[in-house]
Amino acid sequence: MLSLYLALLDTTEEKGKFEQLYLLYRQDMFKTAYSILKNDFEAEDAVHEAFIIVIKNLEKISEIKCPQTHAYLIIIVKNLALKIYNERKKRQYDESDYSEILDTIDVEEEIMLKLEQKELESILISLPENYYNILFLEQYMGLSLKDISESLGITYENAKKRLQRAKSKIMQLVKEGVSDAR
């Protein structure tokens, strides 16, 4: 399978970088996908799709062996596995799609800058995982909404809405923290 991915890359440098990523993180990605799907074939599909996304965004990965790269790859495969799981569940139960209805709220960046690191870390830890993941990809990895939507396997609009909700949740937690401190 590795040779298939390498054929999609142009330069020797890209091929070397990808090969290192593949060999280092493939097992962790498979375990993550399998823990959600409980099916070898579907887990392999999720890992395969994740590596296709990684190939498209390879230039955004600066270091191979670092926690951020590991987190990035796990977030991608986890979201793809959840997507596969939900599609399977939808086929089994023929459930209708849920629509998203929250209003958009802009986050005041000044508040984010004023928060001390420990306060911010405790707020981020308390966020739901999908909000944490999208903030990590946008703020830490520096991905655009287009890249985030491709990485997570969701639509651009869904990524935009999820990011808005995550920022709104942070604002809510900040305001609660400020009122608790008084």
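What follows is calculated from the coordinates using simple rules that are stated; it is not laboratory data. Quantities reported herein were computed from a predicted structural model and do not represent experimental measurements. Cβ: placed from backbone, ideal geometry, glycine included. Neighbour counts: every protein chain shown.
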Of K83/K167; K60/K160; K56/K89; K89/K161, which sit over 25 Å apart, Cα to Cα? K56/K89
Phi-derived 3J(HN,Hα) across segment 37-51 with the Karplus relation (6.51, -1.76, 1.60, θ = phi - 60°), rounded Hz, x for Gly and Pro, is 8, 6, 8, 4, 5, 5, 5, 4, 4, 5, 5, 4, 4, 4, 5
Positive end of the charge dipole of segment 2-93 (Lys, Arg +1 and Asp, Glu -1 on Cβ, about the Cα centre): tell me which of V77, T11, I64 has its Cα farthest that way. V77
If each part is reduced to its alpha-carbon centroid, segment 123-141 and segment 1-62 end up apart, in Å, by 22
Karplus-derived 3J(HN,Hα) from phi for segment 15-27 (6.51 cos²θ - 1.76 cosθ + 1.60, θ = phi - 60°), whole Hz, x at Gly and Pro, runs 5, x, 4, 5, 4, 4, 4, 4, 5, 7, 10, 4, 5
To check my understanding: the extent here is largest minus smallest coordinate of the Cα atoms along each principal axis. What are those three numbers for segment 37-82, in Å, largest first? 32, 20, 14
As computed over segment 2-93, the Cα convex hull volume per residue (Å³): 91
